[in-house]
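Only one structure is covered here, and it is reproduced in the block below.
The values are calculated or read from the model by the stated rules, or taken from the named source; none is laboratory data. Everything numeric here is computed off the predicted structure, so don't read it as measured data. Neighbour counts are summed over all protein chains in view; Cβ atoms, including those assigned to glycine, are modelled from backbone coordinates with ideal geometry.
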Amino acid sequence: MEKIYAAAVRRKDRRRVYIELKFERVSKNYKDKKVLKDISVTMSTGVYGLLGPNGAGKTTMIKIMADVLRPDTGRILYDGQDICSIGDKYRAKVGYLPQEISFYSNFTGRDYLEYSAALKGMEKSYAKKRIEELAYHVGLQNDLKRQCRTYSGGMQRRLGIAQALLDNPEILILDEPTAGLDPLERVKFRNIISAYSNDRLVLLSTHIVSDVEHIASKIMMMEYGVIQHMHIREEYIKMAKNCVWLVKMSAEKLVKYQNNAVISNVIAKDGVMEVRVIDEGKPFADAVQTAPTLEDVYLYIFNYLPEKTRR
Amino acid sequence: MSLFVFELRKLLVNKKTVILLLVLFALYSVIGFSTSLFLIGSNDAYKGYETLSTDYEGAIDAEKAEKSKTVYDEITARYGTDSRMIARSIKDSPETILAVKYKEFSDRVDDYRNGTPPESNEEVYGINALHSKISVLEKQGQRNTFEYKKLCYSLQKLIALDEPEFVNILLWENLFTNWGEHMMQFLLLIPLAFLIAPVFAIERSSGMDNLILSSRHGRRKIVTAKLLSVLVASTVIVMVYLIATFVFGFLPHASLHGWDAAIQSIPEYARSMFGFKVWQFAVVSALWLIFTGAVYSIIISLISSRMKNQMSAVGISLAILFINVGLAAMGDSVIQRIQPIIDFGLANVTLIKEVFGGYKVFNVCGSIVSYPIMAVFVLGIFAVLAVFWIYQGQKHRTVV
C-alpha cells in the first residue's frame, strides 16, 4: 500500500489536481434498441460508482468512455475537448478494465502486462518497475511466469486490475472489477482504489453495492439507458430514510409474503425469520423501522418505485 | 519489448508456428527432392546425363538434332506423345533423356526462327513470323499503331536474345517448376493464408480488442507493428520454401550445372523476353515470390481486419487467391472482357512462369510496359490501398 501511495504522491507533482469529463447528450442504439438515452453527466476527480440492473446500459456507457465504442449522438469532453478528436492523447490518460478479460494463449502474466505497457507507450524501465509493484499489490508476484490461461478467474481479474493501473492513469474505468474475487481480495481491491483515487477520476461499475458504498464519492444509479440518480451516499440514504423495516415472521408466512414485497435480507433466528422489508408504509403492525443501507436504497429505487416513474 | 516484437511473437515466434514451419520445411524438402527424382530419375541417371550432355552443349547441331529426333520418334511410337508418360519412361536412361531434351531443344530453335504459323491464333512469335507480320502492317500503313510497336519491340528483343543454346539445365528446370507453377500456390500461399489470417481477427475472437482499442497506441502504432510482423512472417515462410526446395533439389546431385545459361534454355521459359542468366533469374524469382507473398499477406491482413474469426479470413483469402483460376476457365469471349482481372489476379501474378515466361506487354498511354513492371505497379496499388483501409478500419473500429 505504501508503495502505491508513494507512487501516487510522486506523480502528483506532475499532475493537475482537477480533471473534468463531461458527457453531453450521449446516445447509443443497437439496431432499434436505445441503449443510452441522452446521457448528460459531468465527472471530476474522485471515485464514481455506477450501479444498475443488467441491461441498464452501464457497460455501453463505460465502453464509450473508454473510447472503444463511439456514441451515435452527443459527445464526451475531456477538459473541454472532444475525446474523439484528441484520440491518442485521451487514451493515454485512460486505464480500462473490461468486463470480460481476455488473454493470448501463449502469453504469461508478465507478457500480458509488458504487452499492455507497450500498448500504453510506457518506457521499458518504468514499465518493469510498475509491473513488479502492481504484481505485488494484486498478489501475483509469484505467478507472473505462468501462462495466463492457467490462472483462476480471480487471478485473471487481479491481473486485469494491474493492467488497468499500470500507467497510473488519470481516468480509471473499471467494469465489474470484483467479479470472481474472494472477500479478502475485494477488500484489498477497494483499498487500492481508494488510495489510488486521490487525484484521479475513477468510474467503477458493479452489481455489488458494497464495492462502491464506502469508497465512491458519488454514486450513479442507471436504468433503461438513463442515469436516474447521481448523489453522494448520504443523500441516497435519506431517500429511503423511512422505508426500511425489520419484521419477524414464520417461514410459511415469508413464503407467501415475499412475492408481493421487496425484501432486502432474511435472517433465521431460533425458527423465526427476521425480514428486512422495503416499503414506504409500515408493512405490519409490529414492524420496526431501521436505518437503510445503500443496498436497501438500490432495491428501493429499482424494485420498489413504480417502473413508469423510472422509464 | 516493443509492440512489433510482441506482434511477431503472436504471429511467428511461438511454439505452434515454429512447429508448423518445421513441418513445412520438411514437406518442402521432400517436394524439392522428390520432384528432381521424378524429372531425372536416380542420381546415377543424372550423372550419366550430365556427362553425355557435355558434348551436346552450345548452338544447335543439325546432325545431333536428326539423331535425337529418331530416338524421340521411337519413344513416342512406344509410349505415346504425352509429355508425362515420356518423362516417366526415360528418366532412368541418360541416353534417352538426352535424346528427348535435344529434340525439344531443336523444336525451340525452330520456334525461335520460324515461330507461330500465320494461321495460329496465338500471339506472333519467332523472327520470321514477326518479320512477315510487321511487313503486313507496314503495307497497311499501320506504323503508328500499338500492335506495330509491340511487334517491333518483340522482334528487337528476340534478335538481342539470339538463338537458344543447349545446356544441361535439368535441376534448374525442376527448381523453376517448384517456384513458378500452381504447386507453389498450394504449398506456399495456402499455408501463408492460414499463418497470416489471425493477425487482426484474433483480437476480435479473443476479446483483446477492448484492451487494444482503449490504449494509446491501439489505433495506429499497433497497425504498423502488425503489418511489419506480417511482412516478416511472410518473408520467413517464403524463404523456408525457397531454401528447402533449392537445397533439396540440388543437394542429392551435388551440382549447379547450367547456372550461367540463359533462361531461354529452360523449356517453360523458352519464349521469355528477359535476358536473364539462370542464376540471375533464380534471384529475381526469389525476390518476386517474397514480393508477391508480402502483397498477398497485406491483402490477407485487410481481410482479417474485417472479419470476426480467422477461418472466415482464411476462406476469403483463398477465394481471392484462386478467383481468377475460375474466371480463366470461362469461355474466350468472357475472358477477353475480364482479361485485366485474370492478368493481375493473384493466381497469375504469383506465378513467375506467367509473369516472366512469355512476352506479354501492356499499352500504357501508347507506351509498351512489360508484364512484371505492370504487375509491380498494380500490386503496389493493391498493397497501398489495403494498408490505407487497414489503418482506417482500426481508427474507426469499435467493440460492441
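Observations on the structure shown:
- When the stretch A:40-63 is filtered for residues that are more than 14 Å from A:Q228 (Cβ to Cβ) and among the hydroxyl-bearing types (S, T, Y), the ones remaining, listed by number, are A:T42, A:S44, A:T45, A:Y48, A:T59, A:T60.
- Residues in the stretch B:115-130 that are more than 17 Å from B:Y269 (Cα to Cα) and loosely packed, with under 14 Cβ neighbours inside 10 Å were compared, and the one that is modelled with the highest pLDDT is B:N128.
- The set of residues in the stretch A:131-151 that are surrounded by fewer than 20 Cβ atoms within 10 Å (Cβ to Cβ) and assigned to a helix (DSSP H, G or I) comprises A:E132, A:E133, A:Y136, A:R149, A:T150.
- Condition met for A:A216 (under 30 Å from A:L134 (Cα atoms) and buried (at least 19 other Cβ atoms within 10 Å of the Cβ)): yes
- Residues located in the stretch B:160-172, provided they are surrounded by fewer than 22 Cβ atoms within 10 Å (Cβ to Cβ) and assigned to a helix (DSSP H, G or I): B:A160, B:L161
- Helices (runs of 4 or more DSSP H) wholly inside the stretch A:184-257 that include at least 2 residues being closer than 30 Å to A:G154 by Cα, of a type outside the set (A, V, I, L, M, F, W, C) and within 16 Å of the chain's Cα centre (by Cα): A:209-213
- Test: A:A291 is in the same structural domain as A:R25 (by TED's automatic domain parsing) and in contact with a helix residue (DSSP H, G or I) (Cβ under 8 Å, 6 or more places away or on another chain): no
- Selection from the stretch B:219-248 of residues that are more than 14 Å from chain A (Cβ to nearest Cβ) and either farther than 23 Å from B:T292 by Cα or of a type in the set (V, I, T) (or both): B:V230, B:V232, B:T235, B:V236, B:I237, B:V238, B:V240, B:I243, B:T245, B:V247, B:F248
- The stretch B:40-79, residues that are surrounded by 12 or more Cβ atoms within 10 Å (Cβ to Cβ) and among the aliphatic types (A, V, I, L, M): B:I40, B:A45, B:L52, B:I60, B:A65, B:V71, B:I75
- Residue within the stretch A:65-72 that is touching a Phe, Trp or Tyr at 6+ places or on another chain (Cβ under 6 Å), surrounded by 22 or more Cβ atoms within 10 Å (Cβ to Cβ) and either closer than 24 Å to A:L21 by Cβ or more than 8 Å from chain B (Cβ to nearest Cβ) (or both) present: yes
- Within the stretch A:94-109, the set of residues being part of a strand (DSSP E or B) and within 14 Å of A:L144 (Cα to Cα) comprises A:T108 only.
- Looking only at the stretch B:1-23, residues that are part of a helix (DSSP H, G or I) and either surrounded by 14 or more Cβ atoms within 10 Å (Cβ to Cβ) or not assigned by TED's automatic domain parsing to the domain that holds B:L192 (or both) come to 12 in all.
- Enumeration of residues in the stretch A:110-130 that are more than 10 Å from chain B (Cβ to nearest Cβ), assigned to a helix (DSSP H, G or I) and farther than 15 Å from B:M208 by Cβ: A:R110, A:S125, A:Y126, A:K128, A:K129, A:R130
- The requirement of being part of a helix (DSSP H, G or I), more than 19 Å from B:V278 (Cβ to Cβ), more than 14 Å from chain A (Cβ to nearest Cβ) and under 30 Å from the mean Cα position of the chain (by Cα) is satisfied by B:L192.
- The lone exception for A:K145 - which of (1) under 22 Å from B:K221 (Cβ atoms); (2) touching a Gly at 6+ places or on another chain (Cβ under 8 Å) it fails: (1)
- Subset of the stretch B:262-289 that is in a loop (DSSP other than H, G, I, E, B) and aromatic (F, W, Y) - its residue that is farthest from B:D111 (Cα to Cα): B:F276
- Cβ-Cβ under 6 Å pairs, at least 6 apart or on other chains, the stretch A:239-250 side within 9 Å of A:V288 (Cβ to Cβ), far side surrounded by fewer than 20 Cβ atoms within 10 Å (Cβ to Cβ) and of a type in the set (G, A, S): A:W245/A:A287; A:V247/A:A287
- Any hit, the stretch B:40-54, residues being among the acidic types (D, E) and more than 14 Å from chain A (Cβ to nearest Cβ): yes
- Looking across the stretch B:213-269, the residues that are of a type in the set (S, T, Y) and surrounded by fewer than 19 Cβ atoms within 10 Å (Cβ to Cβ) come down to B:T224, B:T235, B:S255.
- The set of residues from the stretch A:78-92 being in contact (Cβ under 8 Å) with a residue 24 or more places away in the chain and either within 14 Å of another protein chain (Cβ to nearest Cβ) or within 21 Å of the chain's Cα centre (by Cα) (or both) comprises A:Y78, A:R91, A:A92.
- In the stretch A:95-109, residue farthest from A:L165 (Cα to Cα) [restricted to those that are at the interface with chain B (Cβ under 7 Å from one of its Cβ atoms) and buried (at least 24 other Cβ atoms within 10 Å of the Cβ)]: A:P98
- Test: residue in the stretch B:94-111 that is farther than 22 Å from B:Y49 by Cα and either under 25 Å from the mean Cα position of the chain (by Cα) or part of a helix (DSSP H, G or I) (or both): yes
- Verdict on B:R143 being over 27 Å from B:K103 (Cβ atoms) and not assigned by TED's automatic domain parsing to the domain that holds B:Y102: no
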